Each structure stands twice: as C-alpha cells, then as structure tokens.
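Working notes, structure below.
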Amino acid sequence: MLEEDVDLEVEDIDRLFGVLLSELRQLGLTEARTVVAAAGITGVNAPKQYWYPFISGVEAAFHRLQPSSQLSALRILANRFAKSDRVRNLFAQHGYEHVDGTFVPIALLDQREAHYLPLSSASELAKSMKRLTEGDETGAITKACGAVDTLMQYLYEKHQLGNPGSVGFAARVNTAAKHLSIFDEMKSDLIALGMDGKDADSIVDHTRKATDHAAHMLQSLAEKEPFCFKALPSS
C-alpha cells in the first residue's frame, strides 16, 4: 500500500508532472501512449505519429483531471521512471524525492547530511522527520530505523562486505565503520585541528563506544518492534 504523500501544492504537482512529461520522450511514442493511459490520463486527441501534439494533448488531459486523480497519475508515472537517475535528480532540484510511491520534501532533511547518504536512506530520514513533526513518534522511529538499515545494506553492497542478512545489525555497523576507517580518520582530523594524540584517542574511543551502544540499541528496538527492520538476526 502506498504511503500518504505530504500535501502537494498545485504548483508542486505541475512542476513534478513537467519532469515526467519531458521524460516520456525517452520512450517510443507507442509505449508512451500506453504509459499515459495506464496512469489514467485519457482523452488525448492527437495524431499517432507526432510527438508535439501528443505531448500537448497529454498536458491538457492531465489538467482536466481532479486533483486526487492528478496525484494518482503522478505517482504511476513516477513509478514508471523510478530507476531513472535523471528523473530523480530533477525531482530533487524541485525539492522532492519519490521513493516507494511517496513524494517527500527533501527540505525536511538537512542537505549537508543528504549529500553523504544514498537516496533511499535520505528519503527515510526525511519521512522520519515528517512523522515526528506530525506527532507520530512510533512512525518516526520506524523510518529512522529504516534509514540506518538501508544505509548498512548500501555499504555492504558497495564495499562487498558480504551478506548483511547473515549478521546482527550491530555487527554490520561495526564492520562498516572499521572497513571505512571512520574512527582512524576521526583521530587524524582531530590531530590536524591541533589536539594532542592522547585527547584524540580518548574522544575517538568514547565515540566508538557510543556508536556501538547506539547500534545495539537499534537492534534491541528492532527485536521489540519488528516493523523497524524487515529481519535482523540477533548478534
């Protein structure tokens, strides 16, 4: 089941639809007609062999739809182009991400953080912030858990660290941190800032322990609340 989108203004719907309308040209004209019809955009009166009247007809037909039908069409078209990096980047430039059928404003997530995260994790964090601002603490925790879990899956795949499903969540976090030399780099950065080695070691040690405790906390939470992660074997 699709999650409920944030309230999209008419201008937002128009901009996002414009992205998808332009992307239709990446398809053959026959396929584009099929995709448009599947999205519920009907009554496009245009010659079958020409792009311009077809695109104009799709735009006109879309704007004849009721707002709820426009949003449904938008979701269906977005799902069709979900694997397109170009579409995802254009959505981001318009201030949104589309993940699992949901449009999420990326403004809810600090872009300094989003820059270092895979899109799926950034989107889960944005959803978590949205749930939190709506007073849904349980939903916020669920999405925050999902953000960390998808990040671990991404790191395991990118750095070929093995099967993430074969080890406990806390072990995944520690393995990824060790492989990426996160704490070694932290120490180097602290020393570069003028801190002596002993103090740098102390800060790094406390941070390493805090990270391990947080990972175990999330794992315990997942075991108590199975909806947080799909399946986390205990470590």
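Bear in mind that the values in this text are calculations on the coordinates, not laboratory data. Keep in mind the model is a prediction, meaning the values are calculated, not measured. All Cβ positions, glycine included, derive from the backbone under ideal geometry; neighbour counts span all protein chains shown.
Miscellaneous remarks
- Largest to smallest principal axis extent of the C-alpha atoms in the range 115-175, angstrom: 38, 24, 14
- In the chain, a dipole from Cβ-located charges (positive for Lys and Arg, negative for Asp and Glu) runs towards its positive end, and of Met217, Gly146, Ile55 it is Ile55 whose Cα lies farthest in that direction.
- Surrounding net charge for Asp212, when Lys and Arg each add one and Asp and Glu each subtract one, Cβ distance under 15 Å: +3
- Simple rule: put +1 on each Lys or Arg Cβ and -1 on each Asp or Glu Cβ in the chain, find the dipole, and look at Gly43, Val10, Gly162; the Cα lying farthest toward the positive end is Gly43.
- Figure legend: label point modelled 7 angstrom from the Cα of Ser202 along Cα→Cβ; residues of the range 171-196 with amide N under 11 Å from it are 196.
- Helices assigned as whole DSSP H runs in the chain whose Cα atoms extend at least 24 Å along their own long axis and whose mean Kyte-Doolittle hydropathy is -0.5 or higher are found at 137-158.
- Ellipsoid semi-axes in whole angstrom, largest first, where each is sqrt(5λ) of the Cα gyration tensor of the chain: 43, 19, 17
- DSSP loop GluC sites (Glu not before Pro) with at most 10 other Cβ within 10 Å excluded, longest remaining stretch of the chain: 10-235
- Considering only Leu29, Leu77, Leu65, the residue lying farthest towards the positive end of the dipole of the range 10-108 is Leu29, judged by Cα position with unit charges set on Cβ.
- Measuring between alpha carbons in the structure, the pairs from Lys178/Lys198; Lys158/Lys178; Lys83/Lys158; Lys130/Lys187; Lys127/Lys178 lying more than 25 angstrom apart are Lys130/Lys187; Lys127/Lys178.
- Exposed loop sites were defined as chymotrypsin sites (Phe, Trp or Tyr not before Pro) in DSSP loop states (anything but H, G, I, E or B) carrying at most 11 other C-beta atoms within 10 Å; in the chain the longest segment without such a site runs 117-235.
- Our summary gives the chain a relative contact order of 14 percent, counting only alpha carbon pairs under 8 angstrom and 6 or more residues apart.
- Residue-normalised convex hull volume from the C-alpha trace of the range 10-108: 91 Å³ per residue.
- Positive contributions from Lys and Arg (+1) and negative ones from Asp and Glu (-1), summed over other residues with Cβ under 14 Å from the Cβ of Ala177, come out at +1.
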